[in-house]
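The values are calculated or read from the model by the stated rules, or taken from the named source; none is laboratory data. Predicted, not measured: the structure shown is a model, and the values here were computed from it. In this analysis, Cβ positions are derived from the backbone assuming ideal geometry, glycine residues included, and neighbour counts consider all displayed protein chains. The protein model used for the area step is the full one, side chains on, heavy atoms only, and it has no ligands, DNA or RNA in it. Shrake-Rupley method; radii C 1.70, N 1.55, O 1.52, S 1.80 Å.
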Amino acid sequence: MSSDLRTSTSIVLFGPPGAGKGTQAGNISVATGKPQVSTGDMLRAAVKEGTQLGIEAKGYMDAGLLVPDSIIIGLISERMLQDDASGGVLFDGFPRTIAQAEELSKITDVSLVIMIEVPDEDIVERIVGRRMDPQTGEIYHVKFKPAPSDVSSRLIQRKDDTEDTVRSRLDAYHLQTKPLSEWYIEASKETQLRVISVDGRGGIEQVSELIEKELGR
Ligand code: ADP
Ligand code: ADP
């Protein structure tokens, strides 16, 4: 791992829905010592708890739309005040708009952006086959990462992991999130920021190895 990742800067894990961000985040978190901060997980927790924020966010999530920037920034600002965030964090699924990235730059320095590249034609199968273990948070896939038999009976499918909703999520990605990759690439030309792009089409282990190799440079 390069030494600059040991500083208090944060890392952004970027990619389309279903790219494998959540799947790869655990290893990256261990390798860099930065806690994973997933806005998707935080929003789902708020929906489950029935908080005001959860009630507001739910309609957007179920429709495959991005939750408004103001809600997301509020969540992140609060999260970054916690003790474990003082050494920087690993953002998973955030920022998703240029406005979010601009707000983020006022809260923490981002030293590394890891982009996982997966074409749209692979995304639908990944999303529709995704299953979650509600007890451990482990992510499985009916074909690409089958769960052990003692776990399989308790697996759940996310409400937004349907073929219809994934189309809206991909539209939101191309329209609102993808432009952010250019924004970060441009920023990397003028600052210390490092942007790495990883081919996410291989198997889970293969993608892990590619990321590990890049982190080691
Ligand atoms: P994201 O967090 O980017 O939305 P996930 O990590 O939840 O994506 O992965 C989406 C689905 O695809 C999950 O079911 C996961 O098991 C599966 N998956 C992740 N990475 C790969 C991969 N490299 N090859 C095949 N399936 C994958
Ligand atoms: P995935 O990466 O599989 O699309 P996430 O769990 O990251 O799923 O996000 C689920 C949903 O939560 C998104 O479709 C969106 O409605 C909302 N969401 C999560 N993160 C953000 C964000 N940074 N900005 C806006 N909406 C978000």
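Summary table below
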| read-out | value |
| --- | --- |
| Residue among 37, 67 that is surrounded by 15 or more Cβ atoms within 10 Å (Cβ to Cβ) and either under 21 Å from residue 185 (Cα atoms) or more than 10 Å from ligand 2 (Cβ to nearest atom) (or both) | 37 |
| Members of region 198-217 found to be exposed (fewer than 15 other Cβ atoms within 10 Å of the Cβ) and in a strand (DSSP E or B), listed by number | 199 |
| Residue within region 73-81 that is touching a strand residue (DSSP E or B) at 6+ places or on another chain (Cβ under 8 Å), near ligand 2 (Cβ under 10 Å from one of its atoms) and closer than 16 Å to residue 109 by Cα present | yes |
| Among (1) in a helix (DSSP H, G or I); (2) away from ligand 2 (no atom under 12 Å from the Cβ); (3) in contact with a Lys or Arg (Cβ under 7 Å, 6 or more places away or on another chain), the one test that residue 182 misses | (3) |
| Strands (runs of 3 or more DSSP E) enclosed by region 101-166 - at least 3 residues per element that are in contact with a helix residue (DSSP H, G or I) (Cβ under 7 Å, 6 or more places away or on another chain) | 110-117 |
| Residue that is farthest from residue 26 (Cα to Cα) [pool: residues in region 125-157 that are loosely packed, with under 15 Cβ neighbours inside 10 Å and touching a residue at least 60 places away in the same chain (Cβ under 8 Å)] | 144 |
| Region 92-114 - residue that is open to solvent by less than 10 Å² (accessible area, probe 1.4 Å) and under 25 Å from residue 208 (Cα atoms) and, of those, farthest from ligand 1 (Cβ to nearest atom) | 112 |
| Cβ-Cβ under 6 Å pairs, at least 6 apart or on other chains, region 162-181 side in contact (Cβ under 8 Å) with a residue 24 or more places away in the chain, far side open to solvent by 40 Å² or more (accessible area, probe 1.4 Å) and among the β-branched types (Val, Ile, Thr) | 163/128; 180/98 |
| Residues being among the charged types (D, E, K, R), under 21 Å from residue 136 (Cβ atoms) and buried (at least 17 other Cβ atoms within 10 Å of the Cβ) - total across region 40-64 | 1 |
